[in-house]
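Asks: Following this message is one structure expressed as structure tokens.
The values are calculated or read from the model by the stated rules, or taken from the named source; none is laboratory data. Being a predicted model, the structure only gives us computed values, none of them experimental. Quick reminder, even Gly has a Cβ in these numbers, built from the backbone with ideal geometry, and neighbours come from all protein chains shown. Areas reflect the complete protein model, heavy atoms only, side chains present, ligands, DNA and RNA absent. Shrake-Rupley method; radii C 1.70, N 1.55, O 1.52, S 1.80 Å.
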Amino acid sequence: QARAVQDRFEVWLQMTDFSPSASGSRRGFEDKIKIYKPNKTGSGGAIQLDLNEPKRCVFLEAASQKPGELQAFDWASKIVFKLSDTDISKLVAVLDNRTKAVNIFHDPSKSSLVSETTVKNSAISLSKGDFGYFFKATSQSKDGALKAVQIPLSEDEAVLLSTLLKHALVKISGW
């Protein structure tokens with residue numbers, strides 16, 4: 001099992017861009033939090049979270065692993081989810097063991113800010129298991145097609161996400 005963890009870490013290192021971002025990130029690194037979970041069966045997934053201070057939200061992107069490719073994800077068919085402060089708080093509650101699970105549902109057609117979209121609805125779920133967490137993002141298009149990305153999250157990844165999402169709440173609130 002230790003070898004499997006080391007292999008996943010090496011894959012993550014190869015896929016992570018540690019160079020300064022083109023946008024001149026204040027951190028000097030890529031702005032997005034990235035968690036990649038490829039597997040040999042091709043059913044892995046990846047998530048990226050990006051704090052957008054001007055829009056006062058965090059954008060979550062999720063992509064499925066490309067079949068037959070260990071280190072490639074289908075970002076062209078990604079699921080995009082805009083997390084509000086309330087959504088972020090719900091995720092933190094699970095990551096901090098205050099509640100066992102959360103399901104967040106968004107219907108873009110009910111927003112006055114969305115003019116045209118092919119997405120009928122999207123949902124994310126996060127639950128605590130015996131050995132870490134389970135994350136799932138789904139999106140249904142108006143034609144009924146369903147996309148889903150699911151990945152396990154380790155305890156250390158949960159600590160990282162909780163810490164950074166709490167920081168995002170502070171930034172979004174302007175405090």
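Asks: By the scheme Lys and Arg +1, Asp and Glu -1, what is the net charge of all other residues having a beta-carbon under 14 Å from that of Leu83?
Replies: Combined, the nearby Lys, Arg, Asp and Glu give +2.
Asks: When all C-alpha to C-alpha distances in the stretch 130-175 are sorted into bins of 10 Å, what percent of pairs does each bin hold, rounded to whole numbers?
Replies: Distribution as computed: 22, 30, 31, 17, 0 percent.
Asks: Same structure again: Residue by residue through the stretch 102-107, what is 3J(HN,Hα) from phi via Karplus (6.51 cos²θ - 1.76 cosθ + 1.60, θ = phi - 60°)? Round to whole Hz and write x for glycine and proline.
Replies: 9, 10, 10, 10, 10, 10
Asks: Heavy atoms only, probe 1.4 Å: what % of the accessible area of the stretch 33-175 goes to carbon and sulfur, would you let me know?
Replies: Details: 4310 of 8070 Å².
Result for the stretch 33-175: 53 percent of the exposed heavy-atom area is carbon or sulfur.
Asks: Excluding Ile47 itself, what net charge comes from residues whose Cβ is under 11 Å from its Cβ, given Lys and Arg +1 and Asp and Glu -1? Present the calculation step by step, with values, prior to reporting the outcome.
Replies: Values: positive: Lys32, Lys34, Lys37, Lys78, Lys136; negative: Asp50, Glu61, Glu157.
Counting the neighbours of Ile47, the net charge comes to +2.
Asks: A further question on this structure: Could you pull out every residue, at least 5 positions away or on a different chain, whose amide H is within less than 5 Å of the one on Asn121? Hs are placed 1.01 Å off N in the peptide plane, and Pro or chain starts have none.
Replies: Placed amide hydrogens put Gln140 under 5 Å from Asn121.
Asks: If you don't mind, there's one more thing I want to ask. With respect to the cross-link table entries Lys120/Lys171; Lys55/Lys166; Lys40/Lys171; Lys34/Lys66, which display a Cα-Cα separation exceeding 28 Å?
Replies: In this structure, Lys120/Lys171; Lys40/Lys171 exceed 28 Å between Cα atoms.
Asks: Using θ = phi - 60° and the Karplus relation 6.51 cos²θ - 1.76 cosθ + 1.60, list the HN-Hα couplings for the stretch 80-93 in order, rounded to whole Hz, with x at every Gly or Pro.
Replies: Per-residue couplings from phi come out as 10, 9, 8, 8, 7, 4, 5, 4, 4, 4, 5, 5, 4, 4 Hz.
Asks: Determine the sum of side-chain charges near Ala137: Lys and Arg each +1, Asp and Glu each -1, restricted to other residues whose C-beta is under 10 angstrom from that of Ala137.
Replies: Cβ neighbours under 10 Å give a net charge of +2.
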